[in-house]
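To start, the structure under review is shown below, and the notes come after it.
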Amino acid sequence: TPALERLQGYRRALERQGIEFSESLVKCGNNTRQDGFNRDSGYEAMSEFIKTGPEMPKAFFISSDIQAFGAMAALNENGLRVPEDVALIGFDDIELARLLELTTMRQPMYQMGALAIERLVARMANPDMEILHTTFSPTLIVRESCGALNRNQD
């Protein structure tokens, strides 16, 4: 579900900007461990883009920070630098993202967990309680990997 929701968000963002969606710009690795949110999946998907040579996009939004680390490894192994040659943005803002200077979308993980526990306890006390859905908005955390910090310093 999270992967599909992120893809739908990507499509909506393109649509709002009047940009046509292209299936060729969406790649998934074959490794389905953790629903594809793993380093190997990011590595495989970026390797597919690298094979396209000069037509490879110069900027990527990757569905998770863990996948972005795999993508970074594939780029590095092929002599491509982040952000000088390719810009990257991940999603989740795990602790390692800060250390690797990955631009990312931060999820409010603490608030999500606290609400989940609160609702679980309430449902245990009242199993017939209405099921509620809550949407949380992520926050863009700009770091080195997108190249924006370098451009702002010029």
Next on the checklist: Per-residue counts of other Cβ atoms within 10 Å, averaged by peptide: what ranking do you get for 72-79, 58-65, 14-21, highest first?
Outcome noted: 58-65, 72-79, 14-21
Checklist outcome for this item: Between the modelled labels at Gln8 and Ala114 (7 Å from Cα along Cα→Cβ) the distance in nm is 2.7 nm
Checklist entry - For the chain, how big is Rg over Rh, using alpha carbon atoms and the Kirkwood form of Rh? => result 1.04
Item to check | Hydrodynamic radius of the stretch 84-154 per Kirkwood, over alpha carbon pairs, in Å | outcome: 14.6 Å
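Measure off, as a whole percent, the carbon and sulfur share of the 1.4 Å-probe accessible area of the stretch 52-154, all protein chains present. Display every interim value, and only then the final one.
Values: 3730 of 6610 Å².
Accessible surface attributable to carbon and sulfur in the stretch 52-154 totals 56 percent.
The values are calculated or read from the model by the stated rules, or taken from the named source; none is laboratory data. The structure presented is a predicted model; accordingly, all values stated were derived computationally and were not measured. Cβ: placed from backbone, ideal geometry, glycine included. Neighbour counts: every protein chain shown. SASA here: full protein model, heavy atoms, side chains in, ligands and nucleic acids out. Shrake-Rupley method; radii C 1.70, N 1.55, O 1.52, S 1.80 Å.
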